[in-house]
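Notes to accompany the following structure.
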Amino acid sequence: MHSEIPQPWKAFLEELDRAIAVDPAFAGAAAHLHCVGAFVVAVLYALPRPTNDLDIITVEPFALINPLLKLAGSESALAKKHGVHIDAQARVATMPCNYTDRLTEMYPGALTKIRLLAPDPHDLALSKLARNADRDIEDVKMLARSGALNPDTLRERYADELRPYLVGRIEWHDQTLELWVEMITELAANRPSQVD
C-alpha cells in the first residue's frame with residue numbers, strides 16, 4: 001500500500017474530511033466507508049489502471065449516505081474541483097456475507113472524520129464475480145499477480161459465504177469461479193519466487 005493517500009485522492013478526501021467535520025447533517029459523526037473496486041485494488045495492490053471514482057458498498061452509519069453523496073458524489077463541487085468522486089453504485093455488488101469481519105482500515109489516522117475500510121482480497125475478488133466484466137477480470141489478475149489470492153480460500157469463501165445468497169444463474173457463477181481459480185493458479189505458478 002502507498003505510505004500516504006495518493007493524489008488527487010489525498011486532496012479530495014482531506015477537503016471532504018474538513019467538510020464532514022462542520023456539516024450539520026453529520027452531527028459530528030465519523031463516516032466509515034466500505035470501499036471496493038479499482039480504488040482499493042489501486043492503492044493496496046498497485047493497479048496501474050487509474051480510476052476517478054471511489055466505489056463504496058455502504059457507509060456507517062448508513063444515514064450518512066445521502067449527505068456523503070451530496071458532498072462528494074459525481075455532481076458535487078468537490079468532484080468538479082478534484083476530478084474524482086465517491087460512487088455508491090457498488091451497493092449492488094454481492095459481497096460474502098461475513099466480509100465486514102475482515103475489513104482493514106486504509107491509511108489509519110490520515111483523516112479525522114473518514115475511515116476508509118477495504119475488504120480482504122478474496123472478498124474484493126468475489127465482489128466482482130457476478131458482473132465479471134473485462135475490468136473485473138483484470139483486477140482479479142492483479143490481485144493474483146500480487147500473491148494476495150489463494151484459490152482454495154477463494155473457492156471455500158464462495159461456497160460458504162456467497163453462493164447460498166446468489167439468485168439466478170448459479171451454474172454460471174460456479175463456472176466463472178472455476179475459470180478464475182484456473183487463472184489464479186496459472187498466474188501464481190508463473191510468478192517469480194521471492195528470495196529471502
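Of all residues being under 19 Å from residue 10 (Cα atoms) and of a type in the set (A, V, I, L, M, F, W, C) in region 99-119, which is surrounded by the most Cβ atoms within 10 Å (Cβ to Cβ)? Just the residue, please.
Within region 99-119, the first condition is being under 19 Å from residue 10 (Cα atoms), and the residues that meet it are 104-118.
Adding the requirement that they be of a type in the set (A, V, I, L, M, F, W, C) leaves 106, 110-111, 114, 116-118.
Working: 106: 19, 110: 16, 111: 20, 114: 20, 116: 25, 117: 22, 118: 22.
Step by step, filter region 99-119, then rank; the result is 116.
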Discussion item. Just the residues that are modelled with pLDDT under 95 and either charged (D, E, K, R) or closer than 17 Å to residue 130 by Cα (or both), please, taken from region 144-162.
Written reply: 145
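Report whether or not residue 96 is buried (at least 20 other Cβ atoms within 10 Å of the Cβ), touching a residue at least 60 places away in the same chain (Cβ under 8 Å) and in contact with a His (Cβ under 9 Å, 6 or more places away or on another chain). Quick ask: steps written out before the conclusion?
Details: buried (at least 20 other Cβ atoms within 10 Å of the Cβ): yes; touching a residue at least 60 places away in the same chain (Cβ under 8 Å): yes; in contact with a His (Cβ under 9 Å, 6 or more places away or on another chain): yes.
Considered against the rule, which asks whether it is buried (at least 20 other Cβ atoms within 10 Å of the Cβ), touching a residue at least 60 places away in the same chain (Cβ under 8 Å) and in contact with a His (Cβ under 9 Å, 6 or more places away or on another chain), residue 96 comes out as yes.
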Item to complete: Among the residues of region 83-124, write down those that are in contact with a helix residue (DSSP H, G or I) (Cβ under 7 Å, 6 or more places away or on another chain), in a loop (DSSP other than H, G, I, E, B), within 18 Å of residue 31 (Cβ to Cβ) and not β-branched (Val, Ile, Thr).
Response: 88, 111, 113, 119
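Go through region 61-72 and give me each residue that's surrounded by 17 or more Cβ atoms within 10 Å (Cβ to Cβ), within 26 Å of residue 125 (Cα to Cα), without any contact (Cβ under 8 Å) to a residue 60 or more places away in the chain and of a type outside the set (Val, Ile, Thr). Working first, answer last.
As a first pass, look at region 61-72 and keep what is surrounded by 17 or more Cβ atoms within 10 Å (Cβ to Cβ): 64-65, 67-69, 71-72.
If we keep only those that are within 26 Å of residue 125 (Cα to Cα) too, we end up with 65, 68-69, 72.
Imposing the further condition that a residue be without any contact (Cβ under 8 Å) to a residue 60 or more places away in the chain reduces the set to 65, 68-69.
Matches in region 61-72: 68, 69.
It is to be established whether one or more residues within region 134-142 are in a helix (DSSP H, G or I), at pLDDT 95 or above and surrounded by 15 or more Cβ atoms within 10 Å (Cβ to Cβ). So that I can check it myself, show each step before the final result.
At the first step, the residues of region 134-142 found to be in a helix (DSSP H, G or I) are 134-142.
When the remaining residues are screened for being at pLDDT 95 or above, the result is none.
No, the conditions are met nowhere in region 134-142.
Which of the following residues is surrounded by 15 or more Cβ atoms within 10 Å (Cβ to Cβ), part of a loop (DSSP other than H, G, I, E, B) and among the β-branched types (Val, Ile, Thr): 51, 58? Walk me through it before giving the result.
Values: 58 fails: part of a loop (DSSP other than H, G, I, E, B).
Selected residue: 51, the only one of 51, 58 that is surrounded by 15 or more Cβ atoms within 10 Å (Cβ to Cβ), part of a loop (DSSP other than H, G, I, E, B) and among the β-branched types (Val, Ile, Thr).
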Practice prompt. Those residues that are over 23 Å from residue 67 (Cβ atoms) and either in contact with a His (Cβ under 7 Å, 6 or more places away or on another chain) or at pLDDT 95 or above (or both), I need them from region 26-54; list them, please.
Written response: 43
Worksheet, complete the sentence: Looking across region 5-47 at residues that are assigned to a loop (DSSP other than H, G, I, E, B) and in contact (Cβ under 8 Å) with a residue 12 or more places away in the chain, the single one that is farthest from residue 75 (Cα to Cα) is 46
Worksheet item: Within region 111-133, which residues are more than 18 Å from residue 157 (Cβ to Cβ) and at pLDDT below 95?
Response: 133
Discussion item. Every residue in region 73-93 that is surrounded by 19 or more Cβ atoms within 10 Å (Cβ to Cβ) and at positive phi, please.
Written reply: none
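The values are calculated or read from the model by the stated rules, or taken from the named source; none is laboratory data. All values reported here derive from a predicted model rather than from experimental measurement. A quick note on method: Cβ atoms are made from the backbone with ideal geometry, for glycine too, and the neighbour counts reach across all protein chains shown.
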